[in-house]
Every structure is written in C-alpha cells, then in structure tokens.
1. Name the residues whose placed amide hydrogens come within less than 5 Å of the amide hydrogen of GLY162, ignoring near sequence neighbours (fewer than 5 apart) on the same chain.
2. Relative to the first principal axis of the alpha-carbon coordinates of the chain, what is the inclination of helix 392-404, with its axis defined by its Cα atoms, in degrees from 0 to 90 and to the nearest 10?
3. Structure shown: which of LYS143/LYS182; LYS209/LYS279; LYS182/LYS279 lie over 23 Å apart, alpha-carbon to alpha-carbon?
4. Among PHE267, PHE411, PHE250, whose mean-square fluctuation peaks in a Gaussian network model of the chain (Cα, cutoff 10 Å)?
5. Given charges of +1 on the Cβ of Lys and Arg and -1 on the Cβ of Asp and Glu, with all other atoms neutral, how large is the dipole of the chain about its Cα centre, in debye to the nearest 20?
6. Looking at THR406, ALA383, ALA363, which one has the Cα that reaches farthest to the positive end of the dipole of region 348-437 (charges on Cβ: Lys, Arg +1; Asp, Glu -1)?
7. Using the number of other C-beta atoms within 10 angstrom as an exposure proxy, rank LEU382, LEU40 with the fewest first.
8. Sort 222-230, 336-344 by the packing proxy (mean of other Cβ within 10 Å over each peptide's residues), most packed first.
Amino acid sequence: MRTAETVYAEYKDSPPTVKYVATYVTEGLENHGRGIEMLLAALRDGALDEDGQHKLVQWLHHENRYDESVLLLREMVERWPDNMNYRAHLMRAYFHTKRGTELLALLADTDAHFHKDSRWSEDTIAVLSNACLDCELFEQAVKYCGELITLCKRTHANRGIGHGPLSGYCGQLARAYAGLGKSAEAVDAACEAVVSCGTRRQERQEALKSLTQVLREAKDLQQYVQSLDRDSEETGSDKPIVRKALGIVFAEKQQWAQATAQLQIAFQLQLNDPETSAKLVECYDAQQDKQAAISQWLASLDSNPRDIQLCRELGKRYGELGRTADVERAHTSVVELLPNEAESHAMLAEIRQQQDRWPDAAAHWQQVARLRRLEPTGLLRLAGAQIHMQQWEQAKETISRLRSQTWPERFRDLPAKMDELETRIRNETGGHHPGKT
C-alpha cells in the first residue's frame, strides 16, 4: 500500500496513472475505500474518463454507497444515453435509495428511448429485464423476460435450446413470477430453464438449483402441490424434476411424510436417478423406518445393477438389523454383479479385511492384480494382507514381483511403499524371515 500511495502522490496529475493505481488498490489490495477516494478526487478535478467513471460507480455500489453514485450516473446517462448499462446502474441506485418515483420515470424513459432507431435488441432487453428484477419491478420483469424469450427462440438456432442464453432468460422469468407470488408460473418457467440447457451439465445443475429455490420461497407450496396432483391426474403425465425438488424442499423443512410422497413419485418416474433414491433413504432414516430404507436401496440396485456401492450399503443396513445371511448375500453380490471388474474384487477384499477374513481378502486382492496387470495396487494390498497373516515368504515373493516389473510413471511413490512393506517384515520377524504359511 505504501508503494501505491507513493506512486499516486507523484503522478497525481496523470489521469491514466491515477486510474491504474486506484484499480490496483481496489481490486488488487481490496482497499475499496481508498480506491474510491482516488477516483472521486480525479472526478472533482475533471480528470476521470468514461471508463474511470464506470469503475467508480461499480465500486460505490459494491460498498453499498448508492446515494453517492446518483448524481454521477444522471450525468453519465445524459451524456451517453444509448448505454443501457448506465441506465441499469441508475435504476439500482434509485431502488436502493428508495426513490421509487424517479425509478419508474427512468424506466419509462429508457423503454421509450430504446424503442426508437432500432435500439431495441436482445442485449438491451436482457440488461433491462435483469435491472427490473434487481429493483423488484416484477410485473415489468415478466413483460421484458417474456419478450426476451420469444426473441431468443426466434433468432437462435434450435430455438435457443442447448446453447445460448435461453436457459438464463427462463430462470429470470421464474424469479419474476416468484416475486409476484405466482408459484405455478414460476415453476413452469424454471422447468423450461432446465429443459433449454440441453446437455450442458453445469448449467443444468444451476437451473435445477433455481427450480428448488423457487419452490423453497413459494408462499403457497401446499396449494401448488394440490394443483400439481390435480393436473397429473387429469393429464396422466407428471413432472419428475418438480417432484424431486418438492421432496428436497419438504425434507429441508423436516416434513418427512410430504417429502417421502413427492420423492416416491419422482423415483417411479426416473428409476435410474441415484440422487432421488438417496434422498428417499434419508427420509426413511429420519422416520426410523429401516425396512423401507432397505427396500429403497434394493429398488435402486435393480435400476442401477452396476452400482456396487449399493451392495455395500445394503450389507451395512442388514447388519444393523442382525440379518447375518442377508449381510453375506449383499456382500457376495458385489462380485457377482461385476465378476470381471477389479473394482468389485477390491471392494469385497476390503470388506473381508474388516470382517477379519484375511485369507478371503487375499484371494480377492489376487484377482485385482490379475485384472489390473498395469497397476501395482492389487499386489501391494496382497502383500499387506500376507504380512498381516504372517505369510512372510509369500509376502516376499509378492514384493519381488512388484520390483521385477516396470510400472507407469504415475506410480512414482511405489518404491517407498515397497520399502515400507519390507520394513514391516523385518520389524515383525526380528530381521529373520521364517517360512510360516
């Protein structure tokens, strides 16, 4: 900071340098107050260009100093009337300083100005609709978002689905309807945001979060559920993503019966969704219904037969109920489902070790080594099991196999692990290696 102050004092009469130093102080050192002071001084001296004025506005708003930005923004809008961003900043400044009359007047003037001379475009509508949302002008936001969505569908390839900003526009519309307390319309818009994402995973996750948030904030949630039930019964179709989101919201409220009902519908509509299944189990656990939780894991396993983690979880839950035979059946299912996969043998080997069934564990580590010949993990774990069983010669032979092979570069810590195994043998045998098997 001292260096920045020195440079600022020396080059106070150089507007570019002042702006550069202020930017460094604000964004680099995160000293917003001092950076704002520097630009305010430049503004008073008439030495702050358009970019500098824009920065000053953004920093003032970041610090919730909206009132100080109003006069500057009025001058900026008057000087650069075609810049929608400056108008949006002024709208937010009016909103946060409770100047409702000026806010509505500015919105009307902005709408009229940009409808002239071909200024009304997707980009300008997007900025204006977002500003309306931020200023809680929800009716106006619904109008602009609706116009924006129609324009986007008309001008983008594939009607905007799978690319472009359509999903975001639908999300904005959902927020606007939610602000008006229109839950059904808000959910429909949020669902369209999910669908319009296409295969873009990250955007889809964000859209799903927005849907859940809409339901979380709904003041008429029970009435919406009743309406959804009626529509489903009349049309014979349902909305699995809405049911799932409802289940999540009810679970957050610890309304377990309602959450279970919604999640059961969602699971029946999308049997291969592990998240819904896991959430259902959470609800059953909260209600102390252990058998229902087991039944749900079994149903999920039927839909996802390669998910061997479900088998492990089933074994754990059967154990809690003292059902020993079912525990063993769940555990052996791990390799029965994926007999030729190293992952399943590794999982069962770890289970056998936890059960103190080391010979069985060693047999499965041998299978891991056979199935993944280019990875040392199976042999390393086999040697560890043999040492535990005091099978010293077999362990030495396994380590020799490890040392005799060339392994991929990513296993650079292998020599240290082999040394550790040999050290264990020496420590446990007193330096001798009896041939106990």
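Derivation of every value follows stated rules applied to the coordinates shown; laboratory data play no part. What you are looking at is a predicted structure, and each value in this text was computed from that prediction instead of being measured. As a convention, Cβ positions derive from the backbone with ideal geometry for all residues, glycine included, and neighbour counts pool all protein chains shown.
1. Amide H to amide H, under 5 Å and 5 or more residues apart or across chains, GLY162 pairs with CYS197, GLY198.
2. For 392-404 against the chain, the angle is about 50 degrees.
3. Working: LYS143/LYS182 14 Å; LYS209/LYS279 15 Å; LYS182/LYS279 27 Å.
Over 23 Å Cα-Cα: LYS182/LYS279.
4. PHE411
5. Values: 55 positive and 65 negative charges, 258 e Å.
Roughly 1240 debye, rounded to the nearest 20.
6. Selected residue: THR406.
7. Values: LEU382 26, LEU40 17.
So the ranking, lowest neighbour count to highest, is LEU40, LEU382.
8. Details: 222-230: 14.3, 336-344: 16.0.
Averaged packing, sorted descending, gives the order 336-344, 222-230.
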